[in-house]
1. Residue check: is Val78 farther than 30 Å from Val24 by Cβ, among the β-branched types (Val, Ile, Thr) and at pLDDT 75 or above?
2. Can you name the residue in the stretch 85-106 that is at pLDDT 75 or above, touching a Lys or Arg at 6+ places or on another chain (Cβ under 8 Å) and of a type in the set (A, V, I, L, M) and is also surrounded by the fewest Cβ atoms within 10 Å (Cβ to Cβ) among such residues?
3. Can Arg124 be described as open to solvent by 50 Å² or more (accessible area, probe 1.4 Å) and either modelled with pLDDT of 75 or more or of a type in the set (Lys, Arg) (or both)?
4. Confirm whether Leu46 is at pLDDT below 80 and surrounded by fewer than 16 Cβ atoms within 10 Å (Cβ to Cβ).
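The values are calculated or read from the model by the stated rules, or taken from the named source; none is laboratory data. For clarity, every value in this text was computed on a predicted model and none was experimentally measured. Cβ sites come from the backbone with ideal geometry, for glycine too, and all protein chains shown count toward neighbours. Heads up: the accessible areas ignore ligands, DNA and RNA and are worked out on the full protein's heavy atoms, side chains in. Shrake-Rupley method; radii C 1.70, N 1.55, O 1.52, S 1.80 Å.
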Amino acid sequence: MSALRGAQARRLMETFRREGRVEVGFSGLRVAVYWTLGLGLLACGLVLMGGGIHVISTRTGKPWSGIIGVVMGLVPAVLGLLVLALGLALARPSRPPVVADAEGVHVQGGCVPWTVISGFGTSRHEGRGPNSHLLATIVVDKAAVTAWTAERGNVDGGLSRLHPLASPGPDGISLPFNLAVGARQLSEALEAIRLEVVGVSE
């Protein structure tokens, strides 16, 4: 295998060799964006609601209805709380979305054993409009994808509402797009780890 490219991949490999496992969390930048946006929306909503409660006068001298001000503030406040909740869920340190150890690759509660993994690659998920994401992909056969999907649904289906789940597809199992490590670097590091683990076990 060619030399690993990128500092992120090298750090993952060094961590695995030192600790026997490596964790990959969500991007801190994305979490910060969620928190900033959520707090901003919440603050705007509270200001508008406060104006409605105190009956702020318009230029005509006629006061706003308190109900209108409260309703106008309620919408951004609720949106702000939802965005904050998403940011808090992504920032939880207790459950990293991807963990690689001697058993296999653990993806948000489900485990893909090394014995069924034939390699790692990258694939592009085309979203609506201009949105597209380069994903790190675990290359497995269709039966392994089906088994992983069934296990994932039985263990903790509620997690899917807050976390961008790894999704099964024709190329295998795609890892979450908003991880702290780039898709190409993550694929390279996981492939190197797989070769080390499989080489030791044979």
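1. yes
2. Ala102
3. yes
4. Judged against the criteria, Leu46 is a match.
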